[in-house]
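What follows is a set of notes on a single structure, which appears directly below.
The values are calculated or read from the model by the stated rules, or taken from the named source; none is laboratory data. Owing to the predicted nature of the structure, the values given are computational and were not obtained by experimental measurement. All Cβ positions, glycine included, derive from the backbone under ideal geometry; neighbour counts span all protein chains shown.
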Amino acid sequence: NKPRIGLIGLGVMGKSLALNIAGKGYPVSVYNRQEGDKEKDIAKSFASSHDKDFRIPAYDDLKKFILELESPRNILIMVKAGSAVDAVIKNILPYLEEGDVILDGGNSHFKDTERRIAELQKKGLEYIGIGISGGEEGALKGPSIMPGGSEKAYKRIKPVLEAIAAKDKNGNACCSYIGTGSSGHYIKMVHNGIEYGEMQLIAEFYYFMRFYQKRSPEEISDIFSEWNVSEESYLLEITSHILKRKENEEYFIDKILDVAGQKGTGGWTTNSALELGVALDTITASVMARNISGLKLQKEKASELYGEWNTGLVDMSEKDLFAAYKSASIINHSIGFELLRMASKEYQWKLELSEIARIWTNGCIIRSSFMEELVEILGSKNEGHLLLSSDVIDHLNKRKKQFTTTISKSLEAGCPMPVSSAALNYFLNFIRGNSSANIIQAQRDYFGAHTYERTDKPRGEFFHTNWDN
Ligand code: NBP
């Protein structure tokens, strides 16, 4: 008896997931709201355009849609995160019965998921927050799926989720029960944070090669293709494709306005790191880089006022650039996984980091050969910071000179490298046994009597100095 999924929200992701579910032989019914003068009957026209392949019952009447799903129901919500999810829950609640499960497959904020779990539990309903990554194509062909919440409820729909998920190199589903509460949505948020960092890193190396080495998009595309051989990465691969594209003999990339959008998950990751007191340099820098890109008019004015800061062509080999890119990317991943480690402790989720890396090896946007490596590294009982693991130390040590020289030369030439330089700064800060923080502690004690610990006394003992004497 295969569990039926009732899917609400036939946007980009909802449509692809419905087809994926039907294609794997699981029954699925669909509903989409009818709004104003929009195309009539979104659900029915979707179902009829695929009726040669699948029979997908489609509804424009919410009550009928819910009541015709056999109990206990499995309702997958695929709508815009935020108030739309609450609106859908409010609208379906009157028709639900104890034991029904609501699955939220959107990018909901983990705290919203936590609140919804608590509210729905009181009504005898289960709620599963599912992180889904892979975009439109992934949703259709096999995304990476990160379900968190009630394990009992998860087990009921596990066969469907495993069937539609991408498969790792051993043929296992890139879908795994993450943990209780909002852990599924939390790790999807951090996945997106790492993704922000990786995207910005590639953008920085493109920008450097394009404007500080005067290479054409085509040449850079070839370089990214080469890098993609040693460091297979979905984001490198698609950027290489992007850079090859032309429109009327001109590079298409030059037709795209350089103002970056964002839907929030990167910033949420930064907020969470601030709440937990975790350093998140690269991911935060990537969010800020998107924010600065929005100051388009002021940036154009500033470029006139400050004149050319570009000191000319920078002679640097593709090998050196790759070494710097790879180092920064390793540090960006380490920072993301460190946040997961600390969040797992704080929220008592018992996250299995190696398993999380495994379900990120395929289907999702940050899949790469390094993610494959991380499955092993994180699985070898590494309990601490990833930067302390021997494989990562080897990676970074052998590229030390190329990393520091590349970043300092590019900055010297006037090229903005927000994430690459944040990675280098984080790393340099991390690998020094001492730091400048004693000055901070002295300053805090000086003006605010905040006290400090002493190097010649045990940790936990606090002292104050009367600095006027
Ligand atoms: P779309 O914008 O393509 O579709 C949004 C859907 O939400 C539409 O079906 C829309 O109905 C429905 N909706 C909205 Br908006 N407000 C609603 C409301 N108040 N009541 C009922 N339905 C409502 O989004 P999408 O790209 O499919 O994304 C869906 C979720 O998946 C989001 O949380 C997104 O962040 C997440 N996600 C997206 C991607 C991606 O690559 N696109 C990847 C991973 C996760 P309508 O048609 O009537 O407006």
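Taking the numbered list (1) part of a loop (DSSP other than H, G, I, E, B); (2) within 23 Å of Met199 (Cβ to Cβ) in turn, Arg459 passes all entries but (2). Scoring Ser230 on the criteria (1) under 20 Å from the mean Cα position of the chain (by Cα); (2) under 23 Å from Trp360 (Cα atoms) leaves a single failure, condition (1). Taken together, Ile238, Ile223 contain a single residue that is in contact with an Asp or Glu (Cβ under 6 Å, 6 or more places away or on another chain) and either of a type outside the set (Phe, Trp, Tyr) or farther than 30 Å from Thr311 by Cβ (or both), which is Ile223. Taken together, Ser182, Ser176 contain a single residue that is more than 28 Å from Thr239 (Cβ to Cβ) and surrounded by 24 or more Cβ atoms within 10 Å (Cβ to Cβ), which is Ser182. Test each condition in (1) within 30 Å of Ala423 (Cα to Cα); (2) among the hydrophobic types (A, V, I, L, M, F, W, C); (3) out of contact with any strand residue (DSSP E or B) (no Cβ under 6 Å at 6 or more places or on another chain) for Leu140 and report the one that comes out false. Against the list (1) within 30 Å of Ala423 (Cα to Cα); (2) among the hydrophobic types (A, V, I, L, M, F, W, C); (3) out of contact with any strand residue (DSSP E or B) (no Cβ under 6 Å at 6 or more places or on another chain), Leu140 comes up short only on (1). Looking at Gly149, Gly131, Gly171, Gly142, just one residue is outside the structural domain of Ile238 (by TED's automatic domain parsing), closer than 21 Å to Lys263 by Cβ and either more than 11 Å from the ligand (Cβ to nearest atom) or touching a residue at least 40 places away in the same chain (Cβ under 8 Å) (or both), and that residue is Gly131. Within the stretch 48-87, can you find the residues that are assigned to a loop (DSSP other than H, G, I, E, B), more than 16 Å from the ligand (Cβ to nearest atom) and without any contact (Cβ under 8 Å) to a residue 60 or more places away in the chain? Listed by number, the residues that qualify are His50, Asp51, Lys52, Asp53, Phe54, Arg55, Pro57, Glu68, Ser71. If you go through the stretch 1-15 and keep only what is over 12 Å from Val79 (Cα atoms) and buried (at least 23 other Cβ atoms within 10 Å of the Cβ), you end up with Ile5, Gly6.
Among the listed residues Glu383, Glu376, identify the single one that is out of contact with any Phe, Trp or Tyr (no Cβ under 8 Å at 6 or more places or on another chain) and either assigned by TED's automatic domain parsing to the domain that holds Ser176 or not in a helix (DSSP H, G or I) (or both).
Glu383
Out of Ile164, Ile117, which single residue is in contact with a strand residue (DSSP E or B) (Cβ under 6 Å, 6 or more places away or on another chain) and either touching a residue at least 60 places away in the same chain (Cβ under 8 Å) or in the same structural domain as Phe370 (by TED's automatic domain parsing) (or both)? So the residue among Ile164, Ile117 that is in contact with a strand residue (DSSP E or B) (Cβ under 6 Å, 6 or more places away or on another chain) and either touching a residue at least 60 places away in the same chain (Cβ under 8 Å) or in the same structural domain as Phe370 (by TED's automatic domain parsing) (or both) is Ile117.
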